[in-house]
Amino acid sequence: MLEDATVLITGATGSVGTLLTDHLLATDVGTLRLFDADEAGLATARSRLDDDRCRFLASDVRDATRLRYAMADVDIVIHAAAMTHVDVVEYNPFEAVKTNVLGTQHVIETAIDAGVGRVLLTSSDKAVDPANTMGTTKLLAEKLVTAANEYAGADAPRFASVRFGNVLHSSRSVLPVFTAQLRAGGPLTVTDPAMTRFFLQPSELVDLVMAALARLRGGEVFIRRMPAIAIGDLAEALRLELAPQLGVDPDAVAVEVVGPRPGETQHEQIMTAREADRAAADGALLAILPEATDQRSPEPPAGFAPTDEIVRSSAAAEPLGLEAIRAAIAAEAPVVVDG
């Protein structure tokens, strides 16, 4: 699938885009087009990556004309560009619609016009029964991507989505915030110790995206089963695991409860009850099939079978204990003390 392929990643300099870039450059991909509105991020990526397969495209998914040029002769699109910080989006909802919804529509339309083979949206578990603007815009983006398979016709690109929770060590997770607070000697600010979140390791996110690209039939939302972590336990694990690495006495670090931010939920879900009725599984991978219509009778991807063994909410999941959280923190991105 990737051999000599031309792949376009939107939002390429974000946490997810960077993970996927590094993975793809370790394969036999032909050309990698890194598309992002962040000029500084592109400059950093260009200096970090020493690979002549990379192309650095400065623009925004809001600009359909630029996307059309960027999409020429592309085989695979991974659409990761989005506004994803809940509190920022809650304060700037019109801008989020322009990026997360209209930007996704631009990606779909230009991919159809260019004859791209496969398009994959990276979404969020906040799209499930959304309680905030960010989740609402990501849900609509998912709906557009699923509908694109019918809109485009039989010989057009195949479209699907991946939905996931927080990625450990990403800019969207709380780990960088807690790490900075630890460097300063505390306190660690916790919204609510009982609040729970689903988490993935960076490598698990990459595996999810690559599996979805390889196995999509069109219209699915792919998910990976994820462990849940209580935010209070995460703060405690970080205090014990990272403070000594940063030269800070763990016992001197206080924890301050500050309350939830606007739009923030107490727990997260990976799918609704209605979606669970049409979900299929292959081990840790889940696929929500598109709803059947008069024109469409979706079949599960090869290797997937219907399942009712789904923990839909982080509130219902058995949370990781302190030692398991400490091991997860250290597993893939240990802190480097920079003095």
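The values are calculated or read from the model by the stated rules, or taken from the named source; none is laboratory data. Since the model is a prediction, treat every value here as computed from it, not as a measurement. Quick reminder, even Gly has a Cβ in these numbers, built from the backbone with ideal geometry, and neighbours come from all protein chains shown. Heads up: the accessible areas ignore ligands, DNA and RNA and are worked out on the full protein's heavy atoms, side chains in. Shrake-Rupley method; radii C 1.70, N 1.55, O 1.52, S 1.80 Å.
Would you be able to tell me the number of residues in the stretch 256-279 that are in contact with a helix residue (DSSP H, G or I) (Cβ under 6 Å, 6 or more places away or on another chain) and among the β-branched types (Val, Ile, Thr)?
Total meeting the criteria: 1.
For the condition among the charged types (D, E, K, R) and either in contact with a Phe, Trp or Tyr (Cβ under 9 Å, 6 or more places away or on another chain) or without any contact (Cβ under 8 Å) to a residue 12 or more places away in the chain (or both), what is the one hit in Asp22, Asp38, Asp73, Asp51?
Numbers: Asp38 fails: either in contact with a Phe, Trp or Tyr (Cβ under 9 Å, 6 or more places away or on another chain) or without any contact (Cβ under 8 Å) to a residue 12 or more places away in the chain (or both); Asp73 fails: either in contact with a Phe, Trp or Tyr (Cβ under 9 Å, 6 or more places away or on another chain) or without any contact (Cβ under 8 Å) to a residue 12 or more places away in the chain (or both); Asp51 fails: either in contact with a Phe, Trp or Tyr (Cβ under 9 Å, 6 or more places away or on another chain) or without any contact (Cβ under 8 Å) to a residue 12 or more places away in the chain (or both).
Just a single option satisfies the conditions, and that option is Asp22.
Could you check the stretch 5-76 for helices (runs of 4 or more DSSP H) lying wholly inside it with 3 or more residues that are more than 20 Å from Ala211 (Cα to Cα) and at pLDDT 95 or above? Let's see the steps before the verdict.
On the way: elements: 15-25, 39-48, 64-70.
Of the helices (runs of 4 or more DSSP H) lying wholly inside the stretch 5-76, those with at least 3 residues that are more than 20 Å from Ala211 (Cα to Cα) and at pLDDT 95 or above span 39-48, 64-70.
Which is under 17 Å from Leu32 (Cα atoms) and aromatic (Phe, Trp, Tyr), of Tyr69, Tyr91, Tyr151? Explain how you work it out, then say what you get.
Numbers: Tyr91 fails: under 17 Å from Leu32 (Cα atoms); Tyr151 fails: under 17 Å from Leu32 (Cα atoms).
After ruling out the rest, the residue left standing is Tyr69.
Out of Val101, Val107, Val86, I need the residue that is over 14 Å from Gly135 (Cβ atoms) and either crowded, with 16+ Cβ neighbours inside 10 Å or at pLDDT 95 or above (or both). Which one? It would help to see each step written out before you state the result.
On the way: Val101 fails: over 14 Å from Gly135 (Cβ atoms); Val86 fails: over 14 Å from Gly135 (Cβ atoms).
Residue meeting the stated conditions: Val107.
Just give me the residues in the stretch 18-39 being under 23 Å from Thr104 (Cα atoms) and among the aliphatic types (A, V, I, L, M), in sequence order. Let's see the steps before the verdict.
Restricting attention to the stretch 18-39, the residues satisfying the condition of being under 23 Å from Thr104 (Cα atoms) are 18-21, 24, 31-39.
Scanning the stretch 18-39 gives Leu19, Leu20, Leu24, Leu32, Leu34, Ala37.
Please return the ranges of strands (runs of 3 or more DSSP E) entirely within the stretch 244-333 where 1 or more residues are among the aromatic types (Phe, Trp, Tyr). Before you say what the answer is, go through the steps one by one.
Values: elements: 255-257, 279-282, 285-288.
So the answer is none; nothing clears 1.
Please go through the stretch 286-304 and give me each residue that is among the small types (Gly, Ala, Ser) and out of contact with any strand residue (DSSP E or B) (no Cβ under 6 Å at 6 or more places or on another chain), ordered by number.
Within the stretch 286-304, the subset among the small types (Gly, Ala, Ser) is 287, 292, 297, 302-303.
Within the stretch 286-304, Ala292, Ser297, Ala302 meet the criteria.
Open to solvent by less than 30 Å² (accessible area, probe 1.4 Å) and farther than 24 Å from Glu332 by Cβ: which single residue out of Ala235, Ala276 fits that description?
The unique qualifying residue is Ala276.
Which of the following residues is among the hydroxyl-bearing types (Ser, Thr, Tyr) and at pLDDT below 95: Ser123, Ser161, Ser170? Walk me through how you get there before you give the answer.
Values: Ser123 fails: at pLDDT below 95; Ser161 fails: at pLDDT below 95.
Testing whether each residue is among the hydroxyl-bearing types (Ser, Thr, Tyr) and at pLDDT below 95 leaves just Ser170.
Can you tell me which residue is surrounded by the fewest Cβ atoms within 10 Å (Cβ to Cβ) among those in the stretch 171-193 that are under 12 Å from Glu236 (Cα atoms) and in contact with a Gly (Cβ under 8 Å, 6 or more places away or on another chain)?
The extreme case among them is Pro193.
Residue by residue through the stretch 89-98, note down the ones that are part of a helix (DSSP H, G or I) and open to solvent by 40 Å² or more (accessible area, probe 1.4 Å). It would help to see each step written out before you state the result.
Quick first cut of the stretch 89-98, residues part of a helix (DSSP H, G or I) only: 89-91, 93-98.
Within the stretch 89-98, Glu90, Tyr91, Pro93, Phe94, Glu95, Val97, Lys98 meet the criteria.
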